[in-house]
Amino acid sequence: DVRRALREHPDVKGMLLITPTDWGSCADIRGIAAVCHDHDIPLIVDEAWGAHLPFHPDLPAWGMNADADLVVTSVHKMGGAIEQSSVFHLQGDRVSPGVLKQREDLLGTTSSSSLVYATLDGWRRHMVQQGHGLLDTALQRAGRIRKAVTALPGLRLLGQEVVEEGLTTELDLLKITVDVRDLGISGMQATEWLRAHCHVDVGSSDTCRISAQITHADNDRTENLLVESLQRLVEQADTLEKQPAARLPEPRALQLEQAVLPRDAFFASAEHVPADRAVGRVAAETISPYPPGVPVVAPGEVITREVVDYLTSGVAAGMLIPDASDPTAETLRVTAR
């Protein structure tokens, strides 16, 4: 698919890859990097959930070790820094350090926080000195949790089978991703119930699943709390109100036609129309159900019936759309005719 895309778009200047996902699945960075480099273009990896990857061999490959040219990491997610603590990793000569610095200066703040820099340095030192041991303990802890979750009826744990079936290249086993549909509830319902009744917040959820994450900071108390809370969820699932299911589109239905350049569509004259009347119209906004926060619609794309059905049914099932002009998805912002 990557080779075909580059053949069809020979003017591409670089490729952006987002990996790992919220669910712990990881792309073939090395293979994609090889294809990009055959065309002499850089591979940029958004590795938001990968701050821990360089520090233990049993974790998925770190982008820099898999030949990516530029890796952007959010250290506040799977690392130990405070919010907004992100870093660039750069290697090779396909991306100019000078140009990268200029663009960061253009988009970044002029009032940098010393707390951000301090926690980044503290995390880096901590991992270099003790990272392997800390992550080894975390992986063992995750293994025990996975074994316990597998024994709970109605829960389906995402495991190595997705790698064996070729659905993903690697899986971060510190992500405890659980499909709850066999309980007759959605992931959003499970998340709200766990928060209200067990004072447990999971990392993410959608119409099908929830995902908790184990890090170097977890201990026996948090391990037991997660397992016991999932056990209570299984026991109490029948008491949760049944909600209409979201109409999930096939993956290819999310590959929308780009009719107008994103910038042109965003700044064009626009109007809000009822969702049903938006089918066939050109979007003038970004619409990203969260989680995972990945756009389903981008400015300039042609809105389809499948996307409208997904958004409207998803909101009815509890899905959040934080970046849409109308979070209820009753209306959509489209370019004026």
**OP:** Counting other Cβ atoms within 10 Å, keep those with at most 16, restrict to DSSP loop, and tell me which GluC sites (Glu not before Pro) in the range 122-190 are left.
**Re:** GLU165
Original post:
What are the DSSP H helices in the chain that stretch 27 Å or more along their long axis, judged by alpha-carbon atoms, and whose average Kyte-Doolittle hydropathy comes to at least -1.0?
Top reply: 114-150
**OP:** Would you mind telling me the share, in percent, of accessible area of the range 66-184 contributed by carbon and sulfur at probe 1.4 angstrom?
**Re:** 53 percent
Subject >> Calculated from backbone phi, Karplus (6.51, -1.76, 1.60) coupling profile of the range 257-271 in Hz, x at Gly/Pro >> reply: 5, 8, 8, 9, 4, x, 5, 4, 5, 5, 8, 6, 4, 9, 8
Subject >> the range 240-292: C-alpha gyration tensor shape, a/c 1.5 cut-off, then a/b vs b/c >> reply: prolate
Original post:
What trypsin sites (Lys or Arg not before Pro) in the range 214-298 are in a loop by DSSP, with at most 11 other Cβ atoms within 10 Å of the Cβ?
Top reply: LYS242
Original post:
Along the charge dipole of the range 1-140, Cβ charges K/R +1 and D/E -1, which of GLY80, SER114, TRP49 sits furthest on the positive end?
Top reply: SER114
Original post:
Residue by residue through the range 175-182, which ³J(HN,Hα) values in whole Hz follow from phi under the Karplus form 6.51 cos²θ - 1.76 cosθ + 1.60 (θ = phi - 60°), with glycine and proline marked x?
Top reply: 8, 9, 9, 10, 7, 10, 4, 5
**OP:** For ALA268, list long-range residues whose amide hydrogen, built 1.01 Å from N in the peptide plane, is under 5 Å from its own amide hydrogen.
**Re:** none
Original post:
Can you give the charge dipole size of the range 1-120 about its Cα centre, rounded to the nearest 20 debye, using +1 on the beta carbon of Lys and Arg and -1 on the beta carbon of Asp and Glu?
Top reply: 100 debye
Original post:
Once the piece of chain linking ASP105 and GLN140 is laid out straight, how much longer is it, given 0.36 nm per residue of separation minus the C-alpha distance between them?
Top reply: 8.4 nm
Original post:
Per residue, what accessible area does the chain have, given a 1.4 Å probe and all protein chains present, in Å²?
Top reply: 53 Å²
Original post:
Normalised by the residues of the chain, what does the relative contact order come to in percent, with Cα pairs under 8 Å and at least six apart?
Top reply: 12 percent
Original post:
Counting only protein heavy atoms and using a 1.4 Å probe, what share of the accessible area of the range 221-281 belongs to carbon plus sulfur, as a whole percent?
Top reply: 50 percent
**OP:** Write out the GluC sites (Glu not before Pro) in the range 240-337 meeting two conditions: DSSP loop, and at most 15 other Cβ atoms within 10 Å of their Cβ.
**Re:** GLU241, GLU257, GLU330
Original post:
Ordered by residue, what ³J(HN,Hα) values in Hz, to whole numbers, does the range 159-165 give under the Karplus form 6.51 cos²θ - 1.76 cosθ + 1.60, where θ = phi - 60° and Gly and Pro are x?
Top reply: x, 4, 4, 5, 6, 5, 8
Subject >> Heavy atoms of PHE267: accessible area, 1.4 Å probe, square angstrom to 10 >> reply: 140 Å²
Original post:
Given the alpha-carbon gyration tensor of the chain, what are the semi-axes of its equivalent ellipsoid in whole angstrom, ordered largest first, with each equal to the square root of 5 times an eigenvalue?
Top reply: 32, 30, 19
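The values are calculated or read from the model by the stated rules, or taken from the named source; none is laboratory data. Small disclaimer: the values here were computed from a predicted structure and weren't measured. All Cβ positions, glycine included, derive from the backbone under ideal geometry; neighbour counts span all protein chains shown. Areas reflect the complete protein model, heavy atoms only, side chains present, ligands, DNA and RNA absent. Shrake-Rupley method; radii C 1.70, N 1.55, O 1.52, S 1.80 Å.
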